[in-house]
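Here's the structure we're looking at; comments come further down.
Just so it is clear, none of the values below were taken in a lab; they were calculated from the coordinates. Keep in mind that what you see is a predicted model, and the values were worked out from it rather than measured. As a convention, Cβ positions derive from the backbone with ideal geometry for all residues, glycine included, and neighbour counts pool all protein chains shown.
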Amino acid sequence: MASIKTVGVIGAGIMGSGIAQVVAQAGYTVVVREAEQRLLDTARQAIDRRLQRAVEKGRLTVEDKAALLGRIRWTLALEELRGADLIIEAITEDLLLKQDLFRILDRLCPPSTIFVSNTSSISIVALASVTERADRFAGLHFFNPVPLMKLVEVVRSIRTSAETFRIVSDFAVSLGKEPVTAKDQCGFIVNRLLVPYLLDGIRALEAGVASAADIDKAMRLGCNHPMGPLELADFVGLDTTYAIANIMFEEFREQRYAPPPLLKKMVIAGYHGRKSGRGFYDYTGPMPHTTDLGL
Ligand code: 3HC
């Protein structure tokens, strides 16, 4: 079995920075690549803040925090991922962007490097097939917030070898995660069930069933969900939710995946949820409050 020591993470957004943190926490050397220095800095600060909180709570020593941060290298240069044994792609949910990236990586990396994508809805075989290593290519889908969520979906495409699948599953376990195996079907397990639910929450708001706050409160207190559907859509990112829904609708042509017009309008308006400061809720003040959408 190939032994994994150095892991490349491409994309340092909410998912990429969380992935980089848990991989470094598990003792691996991590090389994180972003296209812009500003995004690298934001990710570095986010990890630092989370670890500092762990130090303050007595869950991590100052020395362990320094050692963990020392295992992460930050770079703008894709070439620095050449030495990685495993590369995790966590860039924007866009087929062509991801394919372009994997074409470049395939030329850059030795044949032994395993590629995985953190895609939540794009077909793994469609990404793998632009490389010469489709047998050493799998899906590894993490959940937000990555340091807290136990689940990882491990996705085997029709071209993933049994050995690659085993290595990637073992790697997920080594991160302290609980893997589930999913076929290479759009949305895998979680998003197949979650996305229609989030969209239904938005449809309920659009139909005037109740206010955003009451829809969320109903699901929090009525079903014991940690977040209601609108809060959760804001948390995932409305742009991301919209992209995933479109990909799933395109794939299955089923109404339940069709993004409601309100979601589209919010994305166009730049209301991308928590990360942009505004979505169904406004996060710019000390306490979130519902955004006035004129509904
Ligand atoms: N990153 C890391 N740690 C976080 C965090 C984050 N984003 N948000 C909260 N935490 C930590 C806090 O620091 C705190 O730690 P402490 O014990 O040291 O104080 C602890 O979590 C609890 O914090 P809070 O009391 O503020 O938060 P909650 O108890 O309200 O829990 C939550 C926050 C875990 C995010 C919870 O609301 C939750 O589980 N929400 C649902 C998340 C979910 O469903 N995720 C899946 C989304 S789908 C997805 O990712 C797939 C994609 O393809 C769409």
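Things to note:
- FRET efficiency estimate (nearest 0.05) - Cβ-Cβ, residue 265 to residue 59, R0 25 angstrom: 0.05
- Counted residue by residue at 0.36 nm each, then reduced by the alpha carbon distance between them, the extension gain from residue 158 to residue 3 reaches 53.4 nm.
- Summary of packing: across the peptides 11-21, 133-143, 205-215, the per-residue average of other C-beta atoms within 10 Å ranks them, highest first, as 11-21, 133-143, 205-215.
- Cβ-based charge dipole, the chain, positive-most Cα from 273, 193, 26: 26
- Put a dot 7 Å past the Cα of residue 217, heading toward its Cβ, do the same for residue 107, and the two dots end up 5.8 nm apart.
- Only Lys, Arg (+1) and Asp, Glu (-1) charged, at Cβ; the range 6-183 dipole about Cα centre in debye: 320 debye
- FRET efficiency for the pair residue 206 and residue 41, taken as 1/(1 + (r/R0)^6) with r the Cβ-Cβ distance and R0 = 35 Å, rounds to 0.40.
- Considered as an equivalent ellipsoid built on the Cα gyration tensor, the chain has semi-axes of 32, 24, 17 Å, the largest given first.
- Computed [θ] at 222 nm, deg cm²/dmol, the chain (DSSP H ≥ 4; -39,500 (n - 2.57); rounded to nearest 500): -14000 deg cm²/dmol
- Panel values: the range 25-104, Kirkwood radius from alpha carbon pairs, Stokes-Einstein at 37 °C and 0.692 mPa s, translational diffusion coefficient 230 µm²/s.
- Label-to-label distance for residue 94 and residue 50 is 2.5 nm, based on points extended 7 Å past Cα in the beta-carbon direction.
- Put the Cα centre of the range 128-147 next to the Cα centre of the range 260-280 and the gap is 28 Å.
- Note on residue 185 and residue 253: their simple-model spin labels are 1.8 nm apart, each label 7 Å out from Cα toward Cβ.
- For residue 264, a cut-off of 17 angstrom between C-alpha atoms picks up these aspartates and glutamates, skipping any fewer than 8 places away in its own chain: 93, 94, 200, 206, 231, 234, 239, 250, 292.
- Charge tally for residue 167 (other residues, Cβ to Cβ under 14 Å; Lys, Arg +1; Asp, Glu -1): +1.
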